[in-house]
Amino acid sequence: MLTTLKMIVGSIVFAVLLDYVWIGKVMARFYKSQIGGILRTSGDSMNPHIPTAILVYVALTCLVVFFVLPLIPEGASYLKVFGYGALFGFLIYCFYDLTNFSVFSVWPLAITLVDIAWGTFLVGATTVVAEFIHRISA
């Protein structure tokens with residue numbers, strides 16, 4: 001139980017930091033140029049609804065810990081762990097972004113493709129972090 005909690009908390013911290021750097025710093029201008037009209041902002045900065053954002057990261061990391069990691073063979077390489085997580089991330093972000101693209105007239109194809117690629121990487125990397133915590137805690 002304690003190991004599972006460490007995996008979830010550690011993965012949340014990692015995913016939040018990585019997402020902050022990507023969305024808030026590296027790609028901020030891109031996101032603003034593509035979907036700025038529907039972003040929550042404060043001044044010139046993105047201003048997400050924090051309680052909801054926390055729930056997203058909790059849900060994502062719980063899905064990784066409880067549904068992705070159990071599928072990975074014991075002792076698998078970190079590359080294989082990344083692959084399982086990346087596939088899961090690809091599917092989750094496809095579901096989200098393709099739904100948005102199909103329903104919202106203000107959801108551009110560029111955001112759809114970039115966000116799916118980002119989600120694939122983010123969840124793959126987060127899965128590696130969760131597995132690493134599991135291995136060092138065992």
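For the residues 125, 53, 110, 76, the requirement of being within 18 Å of residue 17 (Cα to Cα) and either touching a Phe, Trp or Tyr at 6+ places or on another chain (Cβ under 9 Å) or surrounded by 15 or more Cβ atoms within 10 Å (Cβ to Cβ) (or both) singles out 125.
Among the residues of region 79-89, what is the count of those that are charged (D, E, K, R) and exposed (fewer than 13 other Cβ atoms within 10 Å of the Cβ)? Lay out the reasoning, then the answer.
Pass one, region 79-89, residues charged (D, E, K, R): 80.
After this cut, where a residue has to be exposed (fewer than 13 other Cβ atoms within 10 Å of the Cβ) as well, the list is none.
Residues meeting the conditions: 0.
Return the only residue of 89, 75, 24, 83 being among the small types (Gly, Ala, Ser), within 15 Å of residue 126 (Cα to Cα) and without any contact (Cβ under 8 Å) to a residue 40 or more places away in the chain. Break it down stepwise before answering.
Working: 75 fails: within 15 Å of residue 126 (Cα to Cα); 24 fails: within 15 Å of residue 126 (Cα to Cα); 83 fails: without any contact (Cβ under 8 Å) to a residue 40 or more places away in the chain.
When all the criteria are applied, what remains is 89.
Quick check on residue 65: is it surrounded by 13 or more Cβ atoms within 10 Å (Cβ to Cβ), within 19 Å of residue 7 (Cβ to Cβ) and in contact (Cβ under 8 Å) with a residue 12 or more places away in the chain? The answer is yes for residue 65.
A Cβ distance below 9 Å, combined with a sequence gap of six or more or placement on separate chains, defines the contacts here; from region 1-17, residues that are more than 13 Å from residue 127 (Cα to Cα) reach no residue that is crowded, with 16+ Cβ neighbours inside 10 Å and of a type in the set (Gly, Ala, Ser).
Go over the candidates 54, 38, 92 one by one and state the one that is more than 20 Å from residue 15 (Cα to Cα) and of a type in the set (Val, Ile, Thr).
Details: 54 fails: more than 20 Å from residue 15 (Cα to Cα); 92 fails: more than 20 Å from residue 15 (Cα to Cα).
Being more than 20 Å from residue 15 (Cα to Cα) and of a type in the set (Val, Ile, Thr) holds for just one of 54, 38, 92, which is 38.
Comparison of 59, 15, 86 shows that the only residue that is touching a Leu at 6+ places or on another chain (Cβ under 7 Å), farther than 25 Å from residue 105 by Cβ, assigned to a helix (DSSP H, G or I) and of a type outside the set (Val, Ile, Thr) is 15. Restricting attention to region 21-40, the residues being surrounded by 13 or more Cβ atoms within 10 Å (Cβ to Cβ) and either under 21 Å from residue 57 (Cβ atoms) or in contact with a helix residue (DSSP H, G or I) (Cβ under 6 Å, 6 or more places away or on another chain) (or both) number 9.
Quick note: the coordinates plus some simple rules give every number you see, no bench work behind them. Predicted, not measured: the structure shown is a model, and the values here were computed from it. Note that we place each Cβ from the backbone using ideal geometry, even for glycine, and neighbour counts take in every protein chain shown.
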